[in-house]
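Accompanying notes for the structure given below.
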Amino acid sequence: MNLHEYQAKALLRSYGIPMPQGAIAATADEARQRAEEIGGDAWVLKAQVHAGERQAAGGVRMLGSVAEVAAAADELLGRKIVTGQTGRDGLLIKKVYVEQACDVDRELYAALMVNRTRARIDLVAAAQGGEGVELALAEREALVDLPLGGPGLSDDDRKQLAKRLDLTADQAGKLADIATRAHKAFVETDASLIEFNPLALTRAGEMVALDVKMVLDDNALARHPNLLELRDEDEVDPQEREASRYEHNYARMDGNIGLMTTGAGLGLAAIDLIKDEGGEPANFMDTRPMASRNQIAEGILLLLRDRRVRVVLVMAIGGGILHCDTIAEGIAAAFRQSQAEVPVVYYAAGTGKEISELTLRNQGIPVIFADSMEDAAHEAVRIAGTGAG
């Protein structure tokens, strides 16, 4: 679950992580009042949407008077912002964050994330932060990657931070303290990412979090009902929201091939095959190992209702609890309910393969059977490109 910047900052401030004073506003008048309450002679106004690259899209403004704050808020609120992370349709700006401006001397990058290979939480840091940090992060040799634990960073770790990031011993100590506090927050909230970009060194010698991105593990939210209240449903894609109701792992993409698979690894492999054939998936959908026929049907209906989808590609490997015949029954139920004529390319293997294919034939589904994953991807791309059934 993604948090807005203002939500992440409020949460992390309670752990003692230093950051500028700020407040949320939903109208231009509120933005003016927040700036007056914060005080000072310069402010930063930030659009609150679940996307990066806001500054390049005009969603982050440096302002020198409360009148400018109000005018900028009026310009942003109620409008959509389009960045490389929002998709073509953009996201509606419903709130802005008014923050005290800092006299920044230098911008760093720091993030806490799960190292799944080593089953630990790592601190990843870079000497360059702020806008365009993606280019710096692509250079792996420019990153410092250190394990985090309860005791925090060791003296050797601090020395490495100082050397690799060109920091003084005092500055490295401040970064280590922020990392230790963030680690406590990471563990206690079941986070999957806490990112500071930029983490700023001010001319006064302070280190403060100017921007924060925080992601919580959806699977752990049952333990945190107070954090569940922070979910902004309007920022969640409607199709993703619908898919989650039926326990499908779903992510919207930009193509025209609707995809359902029985496993995340199989789904990623299917996407690779589609792209190798020159096609583009409309989504990633991984159905759970204990899915019922009704859940399968609802997942297929979600694809059939997507006007972008010209063909549905199903890759099913039966085994354990979920057999291929359950997948086929769900597909058939979806087509009976929708009366759709979208063609289906179907590849099955494992338990229930033969029964599933017989079920689809007997139900009169517009289905093309594939003998391999490669053939299935090829056929789906061909249909999506020509519109032929």
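Read-outs: derived from the displayed coordinates by stated rules, not from any lab. This structure is a prediction, so every number in the text was calculated from the model and none was measured. Cβ sites come from the backbone with ideal geometry, for glycine too, and all protein chains shown count toward neighbours.
Rounded, prolate or oblate: which fits segment 47-120, taking a ≥ b ≥ c as square roots of the Cα gyration tensor eigenvalues, rounded meaning a/c under 1.5, else prolate when a/b beats b/c? Judged from the Cα gyration tensor, segment 47-120 comes out oblate (a/c at least 1.5, b/c at or above a/b).
Across segment 36-181, Cα-Cα distances exceeding 18 Å account for 66% of all pairs. Between residue 154 and residue 294, the simple spin-label model (points 7 angstrom out along Cα→Cβ) gives 5.5 nm. Each Cα pair under 8 Å and six or more residues apart adds its separation to the average, and for segment 1-156 the resulting relative contact order is 21 percent. Extension gain, residue 219 to residue 269, is 15.6 nm, computed as 0.36 nm per intervening residue step minus the present C-alpha separation. Evaluated with a Cβ-only charge set (Lys, Arg +1; Asp, Glu -1), segment 347-389 carries a dipole of roughly 160 debye about its Cα centre, given to the nearest 20.
Based on C-alpha pairs under 8 angstrom that are at least 6 apart in sequence, segment 237-386 has a relative contact order of 25 percent. Residues in segment 69-83 carry Karplus couplings, in order, of 4, 5, 5, 5, 5, 4, 6, 8, 5, x, 10, 9, 10, 10, 10 Hz; the curve used is 6.51 cos²θ - 1.76 cosθ + 1.60 with θ = phi - 60°, and Gly or Pro positions show x. Computed over the chain, the per-residue total of -39500 (n - 2.57) for DSSP H runs of n ≥ 4 gives a 222 nm mean residue ellipticity of -11500 deg cm²/dmol, rounded to 500. When the alpha-carbon atoms of segment 237-386 are used, the pair Rg, Dmax equals 13.4, 37 angstrom.
Annotation: amide H-H contacts under 5 Å for residue 316 (H modelled 1.01 Å from N, sequence separation of 5 or more, or interchain): 347, 348, 349. How about residue 353: which lysines have a C-alpha closer than 27 Å to its C-alpha, ignoring those fewer than 8 places off in the same chain? Cross-link targets: 275.
The value of relative contact order for the chain, using C-alpha pairs under 8 Å at least six residues apart, is 12 percent.
Going by a ≥ b ≥ c, the root eigenvalues of the Cα gyration tensor, does segment 99-233 fall in the rounded group (a/c under 1.5), the prolate group (a/b larger than b/c) or the oblate group? Prolate is the answer for segment 99-233, as a/c is 1.5 or above and a/b outweighs b/c.
FRET efficiency for the pair residue 337 and residue 62, taken as 1/(1 + (r/R0)^6) with r the Cβ-Cβ distance and R0 = 51 Å, rounds to 0.45.
As a ratio to 2.2 N^0.38 Å, the alpha-carbon radius of gyration computed for the chain takes the value 1.16. Rounded to the nearest 20 debye, the dipole size of the chain about its Cα centre is 400 debye, using +1 on the Cβ of Lys and Arg and -1 on the Cβ of Asp and Glu.
Residues whose amide H comes within less than 5 Å of that of residue 192, counting only those at least five positions distant or on another chain, are 215, 216, 217 (H built at 1.01 Å from N in the peptide plane). Rg and Dmax over the alpha-carbon atoms of segment 32-84 stand at 11.4, 34 Å. Evaluating 6.51 cos²θ - 1.76 cosθ + 1.60 at θ = phi - 60° for every residue in segment 171-182, the Karplus couplings come out as 5, 5, x, 5, 5, 4, 5, 4, 4, 5, 5, 5 Hz, glycine and proline recorded as x.
Using the average count of surrounding beta-carbon atoms within 10 Å as a protection proxy, the listed peptides 375-382, 308-315 rank, highest first, as 308-315, 375-382.
For segment 56-194, a crude dipole built from +1 on the beta carbon of Lys and Arg and -1 on the beta carbon of Asp and Glu, taken about the Cα centre, is about 440 debye to the nearest 20.
In the chain, the longest principal axis of the Cα atoms and the axis of helix 293-305 are about 80 degrees apart. Rounded to the nearest 0.05, the FRET efficiency derived from the C-beta distance between residue 321 and residue 80 at R0 = 51 Å is 0.75. What the phi angles of segment 95-112 give under the Karplus curve with 6.51, -1.76 and 1.60, with θ = phi - 60°, is a coupling list of 9, 10, 10, 9, 9, 5, 6, 10, 8, 8, 9, 7, 10, 10, 10, 8, 8, 10 Hz, glycine and proline written as x. What the Cβ-Cβ distance of residue 240 and residue 101 gives, at R0 = 30 Å and to the nearest 0.05, is a FRET efficiency of 0.25.
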